[in-house]
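Below is one structure; the comments refer to it alone.
No value in this document is a laboratory result; all are computed from the given coordinates. Note that the coordinates shown come from a computational prediction; the quantities given were computed from them, not determined experimentally. Reconstructed Cβ throughout: ideal geometry from the backbone, glycine too, with neighbour counts over all protein chains shown.
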Amino acid sequence: MTQDHPPHKLHLVPSYYARHIFFCLNERKNGEECCAAQRAYDGFERCKQAVRAADLAGPGRVRVNKAGCLDRCAAGPVAVVYPEGVWYTYVDAQDIDEIVESHLKNGQVVERLLIPPHVGR
């Protein structure tokens, strides 16, 4: 006797972190464009410091993560915020501070730093 089972449904549960921001820190040795060559590590470190300073770090809040290649090298340096799936590029510490204050703290996308959807590798 077989039983019919309904399709598996994804049950959304509260996430351990409210938001993740991933920084591509990939380094290519063959001369191809890469985020590491555009001081991506500096942006990652600045974001970690700014998130801590704003008291946003920890469970239920924000996690700043390193990532390998995110395959959007042409827009580098690159960071992406989840769960929203918002892709940013940045130039300096002020850009990172704006992403932290506006998006990670207040949920407002920083339009001027968005990567256009067609820009990839």
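Computed values, structure above
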{"quantity": "The chain: angle of helix 40-53 to the longest principal axis, Cα-based, in degrees nearest 10", "calculated": "70"}
{"quantity": "Which labelled figure in (i) 20, 18, 15; (ii) 38, 18, 14; (iii) 30, 20, 13 is semi-axes √(5λ) of the Cα gyration tensor in Å, once derived from the coordinates", "calculated": "(iii)"}
{"quantity": "Fraction of beta bridges assigned by DSSP in the chain that are antiparallel (%, nearest 5)", "calculated": "55"}
{"quantity": "Difference of contour (0.36 nm per residue) and Cα-Cα distance, Glu45 to Ala93", "calculated": "16.3 nm"}
{"quantity": "Estimated inter-spin distance, Ala54 and Tyr16, nm [label 7 Å along Cα→Cβ]", "calculated": "2.2"}
{"quantity": "Isolated Cys in the chain, by beta carbon distance under 4.7 Å", "calculated": "Cys34, Cys47, Cys69, Cys73"}
{"quantity": "Pairwise Lys count, the chain - Cα closer than 27 Å, eight or more residues apart or different chains", "calculated": "5"}
{"quantity": "Karplus (6.51, -1.76, 1.60) ³J(HN,Hα), θ = phi - 60°, over the range 106-121, in Hz, Gly and Pro reported as x", "calculated": "10, x, 9, 5, 8, 4, 5, 9, 5, 8, x, x, 7, 7, x, 7"}
